[in-house]
Amino acid sequence: MRSTRITAAVAGVVLLVGGLSACNDGSKASGSGGGGSDAAGGDKAPQGPVEALKAAKEATAAKNSAKFDGTTETTTSNGRFKQTTKGGLDWSQGMQMNVENTLTGDKSPTGGKPIKALYTQDAVYMNAGAAMPGAGGKPWVKYSYEALSKQMGASGTAVKDVLDNANPSQPIDVLIASGTAKVVGKEKVNGVEATHYTGTVTMADLSKNLGKEIRDAVQKQLEQGGAKSEKLDLWIDGDNLLVKKEEHVAGKMPTDATAFYSDYGTKVSVEAPPASQTMTAPAA
């Protein structure tokens, strides 16, 4: 059923934008990291990785919006999938997004077609480029977060939970809390010099602040894939802003995710589509 396929894409976009890092409540992170002494960027006095990352966390969070370009490749029981998401993020009042998502691979739930999506404070609006059967010619479908929880169980509930925490400062906080952060060196990201940080984050740490139902589902999935930790790499530019993130999960179901952030402070339109063009998806 097309509605079911699209709801699967709803969760996929959120997990790509937020990453596993967004499952952690970063406000509780206060760990200390390991070696290295390079600063976050520019000609500032040398700092340890934790101090530099804390400065980057504050600067990144304060910007409230940015452009996003991300790709995830993952292996599941249904085969290998590749998901790309591009658009704008606004976290001034919880994460809201205006993005286009494409999921390709064997048995792709969306058939490889781009899907436009608006994530507002109370609902997700999906537009697959054509009206759904029985929708009266309306191209947009509205999924309230309550409806997603009923339709998708823990996966649907996770959409809102991840959105509550998903902004570019969260993976910085997670890396700090891991106690493993270290500096790799200076590298170019889209022509801009940035400092590369790396560390290892345990799956238990990533999921410990989720609700029990979601935490159990995440842990079950991770156990099936044989993964106990992820490698997290961050690149911070001379303005103390996150410009690139990579997450690598090994095991039987490996996942590799790369995200680029740019144009911090940009205006992002998250206005819901007109009612005349919108069908409300029925709750399961």
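For GLY179, the residues whose modelled amide H falls within less than 5 Å of its own, excluding neighbours fewer than 5 places apart on the same chain, are SER32. Work through the residues other than THR120 whose Cβ is under 14 Å from its Cβ and net out their charges, Lys, Arg +1 and Asp, Glu -1. Once positives and negatives cancel, what remains is -2.
Surface listing: MET253, MET126 arranged by accessible area from highest to lowest gives MET253, MET126, probe 1.4 Å.
For ASP161, ASP233, write out the residues from largest to smallest accessible area, computed with a 1.4 angstrom probe and no ligands counted.
Details: ASP161 45, ASP233 5 Å².
Correct descending sequence by accessible area is ASP161, ASP233.
Residues whose amide H lies under 5 Å from that of LYS244, counting only those 5 or more places away or on a different chain, are TRP235, TYR261; hydrogens are built 1.01 Å from N in the peptide plane.
The values are calculated or read from the model by the stated rules, or taken from the named source; none is laboratory data. All figures in this text were calculated on a predicted structure; none of them were measured in a lab. All Cβ positions, even for glycine, are placed from backbone atoms using ideal geometry, and neighbour counts span all protein chains on display. For accessibility, only protein heavy atoms count, side chains too; no ligands or nucleic acids. Shrake-Rupley method; radii C 1.70, N 1.55, O 1.52, S 1.80 Å.
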